[in-house]
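The structure appears below as structure tokens.
Every read-out reported here was derived from the displayed coordinates using simple, explicitly stated rules and does not represent laboratory data. None of these values were measured; they are calculated from a predicted model. When we count neighbours, we look across all protein chains shown, and the Cβ atoms used for this are built from the backbone with ideal geometry, even at glycine.
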Amino acid sequence: MLSVSNRLKGLIYGQAIGDALGLGTEFMARSEVAAKYPEGLHTYAQIIQDRHRRRWPIGAWTDDTDQMLCILDSILDNQRVDVHDIARRFRSWVQNGGMGVGQLVLVVVSSRNFLSDPHAAAKAAWERRGKKVAPNGGIMRTSILGPGNTPLLML
């Protein structure tokens, strides 16, 4: 069985590598992916450099990994999940460039009450959008939490 340290390294590297490669298909329909990458997408060099993708250097990860690293750093510093500390780190990341931040995340993180009640800020933004927009980036950002929202560091 792999040690926690090796599992953690695998998660971090796997997330960053997968995110960087996944940028090649981000926001594309399945048919567009098939047309642009008929043999599949296997290397960073294959990534189409369109208006969206050329903002990142080849092989760079996106906002999803940046935000996962904010969560990881918070857990390492606090030895627990502290949503207020994570909120502060997300806001700082956005204020310092936040490359690739999505519109919904920007609205939530910029909310007046985000630092005091991040869950309420997220819920209010979702409700204002008619409860129709719920991107799945949160799934990738929270990979560090591991099974059952127990930080992998604590297993």
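Within segment 76-111, whose backbone N sits under 17 Å from a point 7 Å along Cα→Cβ of Ala124?
From segment 76-111, the list is 84, 87-88, 91, 104-111.
Give the relative contact order (percent, whole number) for segment 3-72; include only Cα pairs under 8 Å separated by 6+ residues. Provide the component values of the computation, followed by the final result.
Details: 40 pairs, mean separation 28.1, N = 70.
The value is 40 percent.
Taking 0.36 nm per residue of sequence separation and subtracting the Cα-Cα distance, how much length would be gained by fully extending the chain between Ala45 and Glu26, in nm to one decimal? Show your work: numbers first, answer last.
On the way: separation 19, 0.36 × 19 = 6.84 nm, distance 1.56 nm.
Result for the pair: 5.3 nm of gain on full extension.
Expected output is a single nm value to one decimal: the length gained when fully extending between Met99 and Lys9, i.e. 0.36 nm times separation in residues minus the C-alpha distance. What is it?
The span from Met99 to Lys9 would gain 30.1 nm if fully extended.
Quick check for you: which residues of segment 41-72 have the amide N under 18 Å from the point 7 Å beyond the Cα of Leu106 toward its beta carbon?
What the label zone holds, given the 18 Å backbone N cut-off, is 51-56, 62-67.
With only alpha-carbon atoms counted, please give the Rg and Dmax of the chain, in Å.
For the chain, the Cα radius of gyration and maximum Cα-Cα distance read 16.8, 48 Å.
Using alpha carbon coordinates only, what is the Rg to Rh ratio of segment 1-60, with Rh defined as the Kirkwood radius?
Working: Rg = 14.0 Å, Rh = 12.8 Å.
With Rg and the Kirkwood Rh in hand, the quotient comes to 1.09.
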